[in-house]
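All remarks here apply to the structure that follows.
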Amino acid sequence: MSFTNRLVEDSLPIWQDCLNSEFLQRMADGSLDPECLKGYIVEDSLYLREYAKVFAWGMTKAEDMDAIRSYYSLLSFVNEGEGATRLHYLRYFGLSDGDIQHLPLRPENQAYTDCMIQAARDGEGTPECMMACLPCMLSYAWIFQRLLQQAPGLKDSLFWPLVRDYASPDYEAACETWCRFTDRVCRDLSPERQQTCLEIFRACSLHELHFWEMSAKPRTDL
């Protein structure tokens, strides 16, 4: 079993709880309050800003150009794909990126981004950085592929641009590339460091769950 497969297997029960969360199940059946979607888009846009800082820490600790190129590729993928979809929804709700940058992160989001940045900042190097960012990448592919199987009608809904980003073959291929990179950089880790990495991955998966739970309630400052 590859190291990333071991990480995913350990966190699958948490990801299943994410899939079963009120926000995603209401998205699937079409009953999600648009105000909750607006709050999620705002919150996730703020999250992606902090997410980029994880890669910044990774680059400062990178020991070779391959790692730097990988971080740059990941960051570009986020900005060009996920970031563009967030801007689409912000415009739909009459907002711009500039309109939301002054807003505070909600406590669940703040705790998540603090956890990721701390892991990348205080960890020994690339493995810890990848543990901080992989749960978001991989869980979204796993969740939205299954959500689309559960509710094919999402293709004709307001939520389709969001779902499409993560249920697409291109996103799955990108995840496989990131997993191969992670398996390579984690190949020779000591058992102790492997355990630390597993704990970071699981902690960030739990923060993913808390983020979805938070999103079932709209922001009150928009």
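The values are calculated or read from the model by the stated rules, or taken from the named source; none is laboratory data. Quick caveat, the model's predicted, so the values are computed rather than measured. We place every Cβ from the backbone using ideal geometry, glycine too, and count neighbours over all the protein chains shown. Accessible surface areas use protein heavy atoms only, side chains included; no ligands, DNA or RNA. Shrake-Rupley method; radii C 1.70, N 1.55, O 1.52, S 1.80 Å.
Sorting K155, K61 by solvent-accessible area of protein heavy atoms yields K155, K61, largest first, with a 1.4 Å probe.
Cα centroid separation, the stretch 171-207 to the stretch 103-140: 12 Å. Paramagnetic label reach from R26 (point 7 Å along Cα→Cβ; backbone nitrogen cut-off under 15 Å): within the stretch 183-222, residues 211-220.
Under 26 Å between alpha carbons: how many lysine pairs meet that in the chain, if sequence neighbours fewer than 8 apart on the same chain are excluded? Walk me through the numbers before you get to the answer.
Values: K38/K53; K38/K155; K38/K217; K53/K61; K155/K217.
The result is 5.
Let me know the charge dipole size of the chain about its Cα centre in debye, to the nearest 20, where only the beta-carbon of Lys, Arg (+1) and Asp, Glu (-1) is charged. Value, rounded to 20: 240 debye.
The largest accessible area among F77, F55 belongs to the first residue in F77, F55, and the rest follow in falling order (1.4 Å probe, all chains).
In this structure W178 has an accessible area near 20 Å², from a 1.4 Å probe over the protein heavy atoms. Using just its DSSP H runs of length 4 or more, each adding -39500 (n - 2.57), the chain gives a mean residue ellipticity at 222 nm of -25500 deg cm²/dmol after division by all residues.
The modelled label-to-label distance between E176 and L222, using points 7 Å beyond Cα along the C-beta direction, is 3.5 nm.
Average the reciprocal distances over every distinct pair of alpha-carbons in the stretch 50-148, invert the result, and give the Kirkwood radius in Å. Please report the intermediate quantities before stating the final value.
Details: mean 1/r = 0.0671 Å⁻¹.
One over the average 1/r among Cα pairs gives 14.9 Å for the stretch 50-148.
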